[in-house]
Amino acid sequence: DTCQRWDKRLKQYVTVSRPSIVREYNTKMGGVDLIDRMISYYRMSTRTKKWTMRMVMHFTDLALANSWLLYLKDHAICAGPKTKPIQFLEFRMEVAKILLAQHHGADADLSEQSEEEDAQQGVKRHVTEVPHFSVRRRANAHLPEMMGLKNAMRCRQPGCTGRTRVRCVTCKVFLCMQTERNCYLAFHT
């Protein structure tokens, strides 16, 4: 068949003949070429001679690029045209945060000195960071623990100004658990 191409010399579009294989390639193009382009934007690069590490990093990049393209398709179907999808770099950063948060959740006691010890010493203490929502919503061992503190700690649920002595064993944050307000349940759902 024929197609239109720009001619620099004539400075206009001209009709040229095109083999059918080129037409078929152009209609089916997009999968591999798009993935290679996405990988090239933010490639994990480390200077290593180990082929195993290079393969792991390449396949991680490949999985992230494929996941982002699937996210774009799902977003177009589910969210509609009103909301804007996140960019590829933001997507990669969000995946990294979730993976790190899950590792942090599995290894819950990262600091040797807890908030309880700090409160008993009367020293200004480091505020425990609220864990990522993926860790908070996992259904593994989020058990309340009553702490024997002299002074109650501030509840970490956004919007709550209460004080409590109840702490989540996994998240290591203090949360209210009373009949009128159950911040513990709201925090983990």
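The values are calculated or read from the model by the stated rules, or taken from the named source; none is laboratory data. The structure presented is a predicted model; accordingly, all values stated were derived computationally and were not measured. As a convention, Cβ positions derive from the backbone with ideal geometry for all residues, glycine included, and neighbour counts pool all protein chains shown. Heavy atoms of the whole protein, side chains included, go into the accessibility calculation; ligands, DNA and RNA do not. Shrake-Rupley method; radii C 1.70, N 1.55, O 1.52, S 1.80 Å.
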Selected residue (only one of Arg54, Arg23, Arg5, Arg43 is open to solvent by 90 Å² or more (accessible area, probe 1.4 Å), more than 22 Å from the chain's Cα centre (by Cα), under 20 Å from Ala96 (Cβ atoms) and not hydrophobic (A, V, I, L, M, F, W, C))
Arg54
With the requirement that a residue be under 28 Å from the mean Cα position of the chain (by Cα) and polar (S, T, N, Q), what does segment 164-189 give you?
Thr170, Asn182, Thr189
Does Phe91 fit the bill of being part of a helix (DSSP H, G or I), modelled with pLDDT of 90 or more and touching a Leu at 6+ places or on another chain (Cβ under 9 Å)?
yes
Here the residues within segment 57-96 that are under 17 Å from Met44 (Cβ atoms) and exposed (fewer than 11 other Cβ atoms within 10 Å of the Cβ) are Phe59
May I ask you to list the residues in segment 1-48 that are touching a helix residue (DSSP H, G or I) at 6+ places or on another chain (Cβ under 7 Å) and either in contact (Cβ under 8 Å) with a residue 40 or more places away in the chain or part of a strand (DSSP E or B) (or both)?
Met38, Tyr41, Tyr42
Any chance segment 97-118 includes a residue that's surrounded by 10 or more Cβ atoms within 10 Å (Cβ to Cβ), acidic (Asp, Glu) and modelled with pLDDT of 70 or more?
no
Residues of segment 162-189 satisfying the condition of being part of a loop (DSSP other than H, G, I, E, B) and within 21 Å of His132 (Cα to Cα)
Val169, Thr170, Cys171, Lys172, Val173, Leu175, Cys176, Met177, Asn182, Thr189
